[in-house]
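The values are calculated or read from the model by the stated rules, or taken from the named source; none is laboratory data. Quick caveat: nothing in here was measured; it's all calculated off a predicted structure. Here Cβ is always computed from backbone atoms with ideal geometry, including for glycine, and neighbour counts include all displayed protein chains.
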């Protein structure tokens, strides 16, 4: 088949590499038409699509930049609030420590006051009981002393004046004796 084309071309004195004038003219017209359609129809549409795509990409880049700036601002506010919260927490902890110290001091003071009150009340009660024991003991000792004195001396102390004088002397002797024993111990 190749040989038939070559044979036909050589018979017409026509070269395969160099086209004839009508083929060259119509080929150029077709090329120009296609070129004009491409330049006036396809190229503007292609440029419009590329421009729209470019604008969309630029818009997304701007949105991303804006979102990034906003995120950085939010992060900065968050870090600032976190720092403020930490400062506030430290202040609250310090205030709580001071309150705890103050409350502890108040409790210690109240406990000391209560202890002093209890001690004073105990001393008062002991003093009262000691006084009542001394009075009871005086009456008892006075009675025993009268009985003993009556028996030993064979003196009858029937009158109140004699009995009272005798008891007072005996108690004075006991107090002197008790005082001397307290100093020895």
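Listed residues 148, 171, 137; which is at pLDDT below 70 and surrounded by 11 or more Cβ atoms within 10 Å (Cβ to Cβ)?
So the residue among 148, 171, 137 that is at pLDDT below 70 and surrounded by 11 or more Cβ atoms within 10 Å (Cβ to Cβ) is 148.
Just checking, does the stretch 62-70 include any residue being in a helix (DSSP H, G or I), at pLDDT 90 or above, within 31 Å of the chain's Cα centre (by Cα) and surrounded by 10 or more Cβ atoms within 10 Å (Cβ to Cβ)?
Yes, the stretch 62-70 has at least one match.
Under 8 Å by Cβ, and 6 or more places apart or on different chains, what pairs join a residue from the stretch 39-57 that is free of Cβ contacts under 8 Å to residues at least 60 places away in the same chain with one that is surrounded by 10 or more Cβ atoms within 10 Å (Cβ to Cβ)?
Between residues of the stretch 39-57 that are free of Cβ contacts under 8 Å to residues at least 60 places away in the same chain and residues that are surrounded by 10 or more Cβ atoms within 10 Å (Cβ to Cβ), there is no close pair.
For residue 105, are the conditions met, namely being modelled with pLDDT under 95 and either over 60 Å from the mean Cα position of the chain (by Cα) or not in a helix (DSSP H, G or I) (or both)?
Spelling it out, it is not the case that residue 105 is modelled with pLDDT under 95 and either over 60 Å from the mean Cα position of the chain (by Cα) or not in a helix (DSSP H, G or I) (or both).
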